[in-house]
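Participant: So that we are looking at the same thing, I have put the structure below in structure tokens.
The values are calculated or read from the model by the stated rules, or taken from the named source; none is laboratory data. A quick note: this is a predicted structure, and the numbers were derived from the prediction, not measured. Positions of Cβ are backbone-derived with ideal geometry, glycine not excepted, and every protein chain shown enters the neighbour counts.
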Amino acid sequence: MGGMRWLRVNLFGDWKTSLATLMVGLLFMYWLPQLLDWALFRARWLTNADACRLDGAGACWSVVAEKYRIILLGRYPQEEQWRPLIATCLMVGLLVASCLRACWRRGLIVAWVAVLTTFFILMYGDVAGLSKVETDRWGGLPLTILLASLSIPTAFPLALAIALGRRSNLPAIRSLCTIFVELVRGVPLISVLFMASFMFPLFMPPGLSIDVLIRVLAGISLFSAAYMAEVIRGGLQSIPRGQEEAAATLSLSYWQTQRLIVLPQALATVVPGLMNNFIAIFKDTSLVTIVSLYELTGALSLALNSDADWRPFKIEGYIFIALIYFTFCYAMSRYSLWVEREVNKGKAR
Amino acid sequence: MKSPPKKRWSWRSRTARGLIYQGLAVLLIGLLFWFLAHNTARNMTVRGIQSGFDFLAQTAGFDIGESLFAFDSEQPYWRAFLVGLVNTIRVAALGIILTTVIGTLIGIGRLARNLLVRSLCGAYVEFFRNVPILLQLLMWYLLFTEILPAADAAWRLNTWLGPVFLSKGGLNFPAPVATETGWEISLPIQGEFAVEHGGALTPEFLALLLGLTIYTAAFVAEVVRAGIQSVPRGQTEAASALGLSRAHSMRLILLPQALRVIIPPMTNQYLNLTKNSSLAVAIGYPDVVSIANTAINQSGRAVECIAIIMLIYLSTSLLTSVLMNWYNAKAAIRER
Amino acid sequence: MTDSIISFEKVNKWYGNNFHVLRDIDLTVDRGERIVICGPSGSGKSTLIRCINRLEEHQEGRLVVDGIELGEDVRAVDAVRKEVGMVFQQFNLFPHLTVMENLTLSPIWVGKVSKQEARERAMTQLERVRIAEQADKYPLQLSGGQQQRVAIARALCLKPKIMLFDEPTSALDPEMIKEVLDVMTELAAQGITMLCVTHEMGFAKAVADRVIFMDEGQIVEQAKPEEFFSNPQSPRSQDFLSKILGH
């Protein structure tokens, strides 16, 4: 169908469609100019706070120009900010690579260990001539990415064990795993974070105190593991029983069957589901603001609450962060769709 | 007609191995719990924290911003929790209704023939799904507290029931109140400092409701869309071949089958909305998590308060699961 | 007296508490014997042979395979499975591994054989089923007949004493049935003990030493193929044969 004809059918195909087009068109013509005026034409981009307060000023994007360092990197010392930057890029690269089946070899585990170690060395310092930066100064985007990424290697083994446990023939193991999953999925993440914040210190032997970052990470990992376990279980269920029977006739043990036959097939199918899980966790890291860790969302409050000059322009700051989250999450969901298509291509070989 | 014989015991059997593994697992978990409980008890003695649920009868010592029934700082903790629970139910129930309506409309809109409508609905879904709910709540709250006029100069809208006012003080609308003479409608009026009388909804409640509804509606839209698309095209074709009108075919053939696919993930979204209402603590709406947070700070009983919150949410989830399973069993298409 | 390699004595099996799927099965199979089991669907034929390698468990009676009694003892089951190979109706090849990897998997991981030797063994079996040139392909790239032949080769790599076939050609398109039956016929001629559940009566006539007819969980009749097909004794066998040979 030619371009014009397609437009005509899709916008004016019948009287109902035409009416809808007209109404939407009118709404646009009313709201859009006002929005663009505020957001672009009358906006201030690189001015100081007073210029933004003038009558007739539009959106004050200068607040972003002025405060972007704190928003993106938290209270990390300015001269050392190249360190979280590199660390974040390495982590993102590793995550992208981990979704590709071509990268699933022994080397991948080595890569994870290497990148994670490098990440911590870069961020914390205190070795190789790098100055020390305590964890309470970590913030902004690197913290968001760290929490989300680190939750994967910690949650995944647990999730795998629980998924296998739920499919086990042994009733006690099956019940324990089911109880764990139902318990965690039934409560909001905030209560798990409260637990991490208030209760984990009580669980430790007296005298041993654990960094709040690690406690929060443990909470997020536990939470994520329950949802991941369900995704993996779905994948395990999709493998026909005949595969396990054939393995049995070839004298493979239970663990050999899982490792060589069931899991390689199941995990390939669940990568899209696991990615959706990761996107959800990435968004959920914003909740750690409530327990006083200043990742991306919290860093904005940090940047503006103490600065009376720029505080009226918080909404522009929020829009900036929303765009960052949107970019990351949208890109990840597109990537996940692409990976899913690649996996299906492989099946129909 | 013979029946199977009783099984006999063998140490080398799979059953024996299974029992040993299970015993080990239960033992390990039991040890872990004992270790944690032991540490907790010791830590609490060291820090002088008391334990037990008896604190619920003690005076709360704090006020609550809004509640459906009277509450002041002289009341006991358990009443405070009750207020929080009612507040949670209030916002969750209203949110579920609104999000179903909005989400269904947008879900259907994604399948519309009109390109503009389709794209707009698609953009809505993509945008609101990919921004964290906390951020959306904070933004709505900021909008409400910055953009709205002060309470002494509220925006006014005249409806056929009476005037409706919107301001930093919240939404005021005509509402029935109980008086000595029976029920009567109380109309809000613009007072010198604030809007008086009428039913009121605070800006915190409105921000939470709006944020939750709009966020969850994006997911509901996808659920509805997937449900409608899951009904094979052959069904509508067969329906029209039988001479059914579009409306009849939608009501008798499409919707019942689509609903079977829609209901389970839909209830999941309802649960998510309820769980997300716990973020009220970030914008100052006194839901049950918010109250628990204050209670922890006042009384120091972290373990008990967190346990209460988890119990409340777990009961909601389990109840919903049971209802869902019952519905699924009833509605399932009988197969061979 | 030829020694028996499989012996069923009053074997009974139930599914749940009500469905009596194997009733008082008495059967002896001699070493090197080739047996075809036939009967209407639901008669318990597949269940019977799946009991031999303990994919199904019997509740009553005695089942001895190659001198090992099958029961709750896991080590006995492991020992039996090393001697018994099985070919399934749905092939059950591992789709994420190549043909060669499918065949060498068990010898390497269970038989503790070196990779080199496993490969040589695999090639021998692939040549035996005439599919050596597909060694590096993935199962889904092959036709149904080719996949089933690979499945046969995979079972043979463990050098089993007994081969079980559970309706090996039922899932194949008609033009591919012959290539699989040819391979099975060659195998039969090489002295391996075979139990085959099938509807292919031509194969039974050509290859079987004995035909067993089952109905409703019981062995109704067993005889040499010539006798069974020309002169079935029981009315149930007559009924069955008339249905399947009729069209």
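Participant: Can you report the number of residues in the range C:107-127 which are assigned to a helix (DSSP H, G or I), of a type in the set (S, T, N, Q) and loosely packed, with under 13 Cβ neighbours inside 10 Å?
Facilitator: First, the residues of the range C:107-127 that are assigned to a helix (DSSP H, G or I): C:107-109, C:115-127.
Checking the rest, the ones that are also of a type in the set (S, T, N, Q) come to C:116, C:124-125.
Adding the requirement that they be loosely packed, with under 13 Cβ neighbours inside 10 Å leaves C:116.
Selection size over the range C:107-127: 1.
Residue by residue, here is whether (1) touching a Lys or Arg at 6+ places or on another chain (Cβ under 6 Å); (2) facing another protein chain (nearest Cβ under 10 Å); (3) surrounded by fewer than 16 Cβ atoms within 10 Å (Cβ to Cβ); (4) not in a loop (DSSP other than H, G, I, E, B) holds:
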| site | (1), (2), (3), (4) |
| --- | --- |
| C:Arg54 | no, yes, no, no |
| C:Leu63 | no, no, no, yes |
| C:Val77 | yes, yes, no, yes |
| C:Arg81 | no, yes, no, yes |
| C:Gly85 | no, yes, no, yes |
| C:Gln89 | no, yes, no, no |
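Participant: Kindly indicate the residue of the range B:169-202 that is touching a Ser or Thr at 6+ places or on another chain (Cβ under 6 Å) and surrounded by 17 or more Cβ atoms within 10 Å (Cβ to Cβ) and also farthest from B:Pro132 (Cα to Cα) among those meeting that condition.
Facilitator: B:Gly198
Participant: Working only within the range A:204-229, note down all residues that are in contact (Cβ under 8 Å) with a residue 40 or more places away in the chain, small (Gly, Ala, Ser) and under 18 Å from A:Ser292 (Cβ atoms).
Facilitator: Of everything in the range A:204-229, just one residue is in contact (Cβ under 8 Å) with a residue 40 or more places away in the chain, small (Gly, Ala, Ser) and under 18 Å from A:Ser292 (Cβ atoms), namely A:Ala218.
Residue-wise test of (1) farther than 30 Å from A:Arg341 by Cβ; (2) touching a His at 6+ places or on another chain (Cβ under 6 Å); (3) β-branched (Val, Ile, Thr).
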site: A:Glu66; (1), (2), (3): yes, no, no
site: A:Ile71; (1), (2), (3): yes, no, yes
site: A:Pro77; (1), (2), (3): yes, no, no
site: A:Gly107; (1), (2), (3): no, no, no
site: A:Lys132; (1), (2), (3): yes, no, no
site: A:Thr144; (1), (2), (3): no, no, yes
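Participant: Of all the helices (runs of 4 or more DSSP H) wholly in the range A:242-349, which have at least 1 residues that are farther than 20 Å from A:Tyr227 by Cα, under 23 Å from the mean Cα position of the chain (by Cα) and within 14 Å of chain B (Cβ to nearest Cβ)?
Facilitator: A:296-305, A:314-347
Participant: Considering only the range A:142-159, state which residues are in contact with a strand residue (DSSP E or B) (Cβ under 8 Å, 6 or more places away or on another chain) and of a type in the set (A, V, I, L, M).
Facilitator: A:Leu143, A:Leu147
Participant: Restricting attention to the range B:285-301, does a residue exist that is of a type in the set (Lys, Arg), within 11 Å of chain A (Cβ to nearest Cβ) and closer than 26 Å to B:Val101 by Cβ? Spell out how you get there, then give the answer.
Facilitator: Of all residues in the range B:285-301, those of a type in the set (Lys, Arg) come to B:301.
After this cut, where a residue has to be within 11 Å of chain A (Cβ to nearest Cβ) as well, the list is B:301.
With the extra rule that they be closer than 26 Å to B:Val101 by Cβ, the set shrinks to none.
Looking for residues that are of a type in the set (Lys, Arg), within 11 Å of chain A (Cβ to nearest Cβ) and closer than 26 Å to B:Val101 by Cβ, one finds none in the range B:285-301, hence no.
Participant: Restricting attention to the range B:144-196, which residues are touching a strand residue (DSSP E or B) at 6+ places or on another chain (Cβ under 9 Å), hydroxyl-bearing (Ser, Thr, Tyr) and within 30 Å of A:Ala59 (Cα to Cα)?
Facilitator: The answer is B:Ser167, and nothing else.
Participant: Separate question: Name, by its number, the condition in (1) touching an Asp or Glu at 6+ places or on another chain (Cβ under 7 Å); (2) farther than 29 Å from B:Gln269 by Cα that does not hold for A:Pro171.
Facilitator: Of (1) touching an Asp or Glu at 6+ places or on another chain (Cβ under 7 Å); (2) farther than 29 Å from B:Gln269 by Cα, only one is false for A:Pro171: (1).
Participant: Quick check on A:Arg83: is it buried (at least 16 other Cβ atoms within 10 Å of the Cβ) and within 30 Å of A:Tyr124 (Cβ to Cβ)?
Facilitator: yes
Participant: Please list, ordered by first then second residue, the pairs with beta carbon atoms under 9 Å, 6 or more apart or interchain, first in the range C:202-214 and closer than 23 Å to C:Glu179 by Cβ, second at pLDDT below 90 and part of a loop (DSSP other than H, G, I, E, B).
Facilitator: Partner pairs satisfying both residue conditions: C:Val207/C:Ala189.
Participant: Find the residue count for the range B:312-336, including only residues that are facing chain A (nearest Cβ under 9 Å) and without any contact (Cβ under 8 Å) to a residue 12 or more places away in the chain.
Facilitator: 4
Participant: Are any of the residues in the range A:164-171 more than 10 Å from chain B (Cβ to nearest Cβ), of a type outside the set (Lys, Arg) and surrounded by fewer than 17 Cβ atoms within 10 Å (Cβ to Cβ)?
Facilitator: Applying the first criterion (more than 10 Å from chain B (Cβ to nearest Cβ)) to the range A:164-171 yields A:164, A:166-167.
If we keep only those that are of a type outside the set (Lys, Arg) as well, we get A:164.
Now narrow it down to the ones that are surrounded by fewer than 17 Cβ atoms within 10 Å (Cβ to Cβ): none.
Within the range A:164-171, not a single residue is more than 10 Å from chain B (Cβ to nearest Cβ), of a type outside the set (Lys, Arg) and surrounded by fewer than 17 Cβ atoms within 10 Å (Cβ to Cβ).
Participant: While we're looking at this one, here's another question. So for the range C:159-167 (the condition being over 29 Å from C:Asp3 (Cα atoms) and more than 9 Å from chain A (Cβ to nearest Cβ)), does at least one residue qualify?
Facilitator: no
Participant: In the range B:58-85, what residues are within 24 Å of the chain's Cα centre (by Cα) and not in a loop (DSSP other than H, G, I, E, B)?
Facilitator: Listed by number, the residues that qualify are B:Tyr77, B:Trp78, B:Arg79, B:Ala80, B:Phe81, B:Leu82, B:Val83, B:Gly84, B:Leu85.
Participant: Quick one: B:Leu111 ticks every box in (1) within 14 Å of chain A (Cβ to nearest Cβ); (2) of a type in the set (A, V, I, L, M); (3) more than 24 Å from the chain's Cα centre (by Cα); (4) outside any loop (DSSP other than H, G, I, E, B) except a single one, so which number is it?
Facilitator: (4)
Participant: Which of the helices (runs of 4 or more DSSP H) contained wholly in the range A:1-58 include at least 2 residues that are within 13 Å of chain B (Cβ to nearest Cβ)?
Facilitator: Answer list for the range A:1-58: A:3-12, A:15-36.
Participant: Is it true that some residue in the range C:38-49 is in contact with a strand residue (DSSP E or B) (Cβ under 9 Å, 6 or more places away or on another chain) and assigned to a strand (DSSP E or B)?
Facilitator: yes
Participant: Something else about it: Could we say that C:Arg130 is surrounded by fewer than 23 Cβ atoms within 10 Å (Cβ to Cβ), at pLDDT 90 or above, away from chain A (no Cβ under 14 Å) and not in a helix (DSSP H, G or I) here?
Facilitator: On the way: surrounded by fewer than 23 Cβ atoms within 10 Å (Cβ to Cβ): yes; at pLDDT 90 or above: yes; away from chain A (no Cβ under 14 Å): yes; not in a helix (DSSP H, G or I): yes.
Here the answer is yes, as C:Arg130 does meet what is asked.
Participant: Of the numbered conditions (1) surrounded by fewer than 18 Cβ atoms within 10 Å (Cβ to Cβ); (2) among the hydrophobic types (A, V, I, L, M, F, W, C); (3) in contact with a Gly (Cβ under 9 Å, 6 or more places away or on another chain), B:Ala247 satisfies every one except a single condition; which is it?
Facilitator: Among (1) surrounded by fewer than 18 Cβ atoms within 10 Å (Cβ to Cβ); (2) among the hydrophobic types (A, V, I, L, M, F, W, C); (3) in contact with a Gly (Cβ under 9 Å, 6 or more places away or on another chain), B:Ala247 violates only (3).
Participant: On to the next question. Checking B:Ile89 against (1) over 29 Å from A:Leu19 (Cβ atoms); (2) at the interface with chain A (Cβ under 10 Å from one of its Cβ atoms): exactly one of these is not met. Which one?
Facilitator: The single condition B:Ile89 does not satisfy is (2).
Participant: May I pose another question? Mind counting the residues in the range A:186-203 that are more than 7 Å from chain B (Cβ to nearest Cβ), in contact with a Ser or Thr (Cβ under 9 Å, 6 or more places away or on another chain) and either crowded, with 22+ Cβ neighbours inside 10 Å or touching a residue at least 24 places away in the same chain (Cβ under 8 Å) (or both)? I'd like the intermediate steps shown before the answer.
Facilitator: Taking the range A:186-203 as the starting set, the residues that turn out to be more than 7 Å from chain B (Cβ to nearest Cβ) are A:189, A:192-193, A:196-197, A:200-201.
Next cut, in contact with a Ser or Thr (Cβ under 9 Å, 6 or more places away or on another chain) only: A:189, A:197, A:201.
From what is left, the residues that are either crowded, with 22+ Cβ neighbours inside 10 Å or touching a residue at least 24 places away in the same chain (Cβ under 8 Å) (or both) are A:189, A:197.
Residues that pass the stated criteria total 2.
Participant: Would you check which residues across the range C:110-121 are within 13 Å of chain A (Cβ to nearest Cβ) and either in contact (Cβ under 8 Å) with a residue 60 or more places away in the chain or closer than 21 Å to C:Met163 by Cβ (or both) and list them?
Facilitator: Hits for the range C:110-121 are C:Val110, C:Gly111, C:Val113, C:Ala118.
Participant: When A:Arg215 is evaluated against the numbered criteria (1) more than 7 Å from every other protein chain (Cβ to nearest Cβ); (2) surrounded by fewer than 20 Cβ atoms within 10 Å (Cβ to Cβ); (3) modelled with pLDDT of 85 or more, which criterion, by number, is the only one it fails?
Facilitator: Exception for A:Arg215: condition (2).
Participant: State all residues of the range B:114-128 that are within 10 Å of chain A (Cβ to nearest Cβ) and either part of a loop (DSSP other than H, G, I, E, B) or surrounded by fewer than 21 Cβ atoms within 10 Å (Cβ to Cβ) (or both); if no residue qualifies, say none.
Facilitator: Applying the first criterion (within 10 Å of chain A (Cβ to nearest Cβ)) to the range B:114-128 yields B:114-120, B:126-128.
Result: B:Asn114, B:Leu115, B:Leu116, B:Arg118, B:Ser119, B:Leu120, B:Glu126, B:Phe127, B:Phe128.
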